[in-house]
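S.K.: Structure below; questions to follow.
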Amino acid sequence: MKTWLAAVLLAFGALAPQTGTIRVRVAIQTEQQVRPVPRHALLISENPTSAAPQRAVTSSDGTAEIRVRPGNYTVESDEPLLFQGKSYEWRHTVDVPPGQTVTIDFNAANAEVADAAASPSAPASASGLLLDWQNSVVEIWTPLRRGAGFLVDRRGVIATNQRLIGRERSVEVQVSRSVKVAARVLAADAGANLALLWIDPQVLAPARPVRLGSADAPPPAPGDRIFAINVPMEDDKNLVGGSVRRISSSGILSDIPIADESLGAPVFNASGVVFAVTTAHDDGGPLNSADSLAVRIDGIRPLLAAAEKTLTQETPPSGTRLPVEGEALFPDDPLREAAAKRKGPLGPYRISAENFDVSVITPLLTFAARHQGGERAPARGGAMESRDLAELEARRRALQEFGNWWDYVRRDPPVLMIRATPKMVEPFWKTVLRGAAQSQGMSLPPIKQIKAGFARMRLACGGAEVTPIHPFKIEHRLGESEAVYEGFYVYDPAAIGPQCGTVTLTLYSDKAPDKGDARPVDAKILGQIHEDFAPYRAAAKAGRIP
């Protein structure tokens, strides 16, 4: 029976037509550089026509693959690529043999090229928008959140959302996977919800300032098509489209799917002109709710005019490259295997400090906490003491609750994280008050408050300070105007180790910002950190990490 069934299946497979693959690569030569064209729509039609054409869109690397039956096909642009005043369209006919891949290269040399319409109202193509402006859009890192910004002046001026910047006077701007620099807050207008940053202009020299809409130009009407460039944390920049829903007093509401980490991204009209900047809703809710909100760009030009004196008379910020994360995330399988083999506790490594509970955290520890139910409880007979339970709960929270930086941590980036949580204490007079109440037969719980707030931390390898990849803070809101902050600094794990001789962590509180509490990092902790990153090093050596 099995032999007969196998023979039938073999015969059916021999009779069934094998599919082939058309692989299309679209690229444009610009500024002595070949640039892939993402989001270019293609139509694939069989000759002679027997059905509606297939539609495919190129990915971020400018390629698309389409599986088809063997035959003759015409591959053509669904709409022209409008780029730097030119219109590019492609059309090519190809034979696809069974079981084979046929590659087509579309470039400027084999395109139908024409002058694009000179009118500012001429519609832009989605692929042209992304190709034109993706290098002009940057990532912005602040201590409390990640967002986006875009170049508006060749002198290194970047526009973004004021809510992203908050009260910071300096932030970090990342222009590519490998390049990140310090940025100065040049100007900010809380009323207009806009801010300008200044970086070394050489860092963004190849990029062009975006086209800004004029203040007297009418905003898009409900139903009009608009676009934004997302800067997702886990992927390449991408263009998202949608329609205006309504115009309100707080801004422009649309259905474009803006990622929460792209706060400050530019919003383009159908002509490729930036007319708005994405922002959060008034209630502070995420940007990926039912309606996305953006504010008009009108206030940018007055901010630029106010900053002109600074731009002409002062030196721009340093273009010194800051440390960045590794190119790839920590792979899951090696983490899973390492966590299963671990014999000791999977809690964070602790460093004693006067005002803070300090946790040293690796991707292995956060991965195990998420996938294995948190830290393993100590094996003891009988019930655990309350102080042990409190310590266990504190360790669990240190690995699982990252507040405003949860989206960052859950990706398992290959970094070393140091968390400084302010200690809680009961002030002397509140202890006296509680004692007096107990003498009257009343039992009150401890009345605790923060011993000291977090200001900053310093990690030193020998006598040299280690620059953090990110000097984050975890925010805990107590009300509209009050919050508690934890220090949450991210470091390159290779920056510390036996080569340092000694590794010292110094913590500064808001009560004594110039008086540091220096603590040596135990050699056993350094050895454990090195062991925790062994799966990443092994995966990189084996070529499983690019």
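Values in this text are rule-based calculations from the coordinates and carry no lab data. Computed from a predicted structure; not experimentally measured. Cβ sites come from the backbone with ideal geometry, for glycine too, and all protein chains shown count toward neighbours.
S.K.: Taking the Cα centre of region 73-165 as the origin, how large is its charge dipole in debye, to the nearest 20, when only Lys and Arg (+1) and Asp and Glu (-1) carry charge on their Cβ atoms?
M.R.: Working: 7 positive and 11 negative charges, 160 e Å.
Dipole size: approximately 760 debye.
S.K.: Report, to one decimal in Å, the Kirkwood hydrodynamic radius for region 244-356 based on all distinct Cα pairs.
M.R.: 19.5 Å
S.K.: Turning to a different aspect of this structure: List the pair-distance distribution P(r) of region 182-282, using every Cα-Cα distance, as the percent of pairs falling in each 5 Å bin from 0 up to the bin containing the longest distance, rounded to whole percents.
M.R.: Bins of 5 Å from zero give 2, 11, 19, 24, 23, 13, 6, 2 percent of pairs.
S.K.: Which whole-number value in Å³ per residue fits the convex hull of the alpha carbons of region 91-206?
M.R.: Numbers: hull volume 22.4 nm³, N = 116.
Convex hull volume per residue, Cα atoms: 193 Å³.
S.K.: Find the relative contact order for region 39-167 and round it to a whole percent, using C-alpha pairs within less than 8 Å whose residues are 6+ positions apart.
M.R.: Values: 190 pairs, mean separation 23.2, N = 129.
Result for region 39-167 is 18 percent.
S.K.: Evaluate the Debye formula for region 24-161 with equal point scatterers sitting on the alpha carbons, no solvent, and hand back log10 of I(q)/I(0) at q = 0.08, 0.16 Å⁻¹, in q order, two decimals.
M.R.: The Debye formula, applied to the Cα set alone, gives -0.29, -0.89.
S.K.: Return the inverse of the average 1/r over all pairs of distinct C-alpha atoms in region 465-529, which is the Kirkwood hydrodynamic radius, in Å to one decimal. Please list the in-between numbers first.
M.R.: Details: mean 1/r = 0.0715 Å⁻¹.
Averaging 1/r across every pair of different Cα atoms and inverting gives 14.0 Å.
S.K.: What percentages make up the Cα-Cα pair-distance distribution of region 145-217 when the bins are 10 Å wide from 0?
M.R.: 19, 54, 25, 3
S.K.: List, largest first, the extents of the alpha carbons of region 194-240 along their principal axes, each in whole Å.
M.R.: 38, 30, 20
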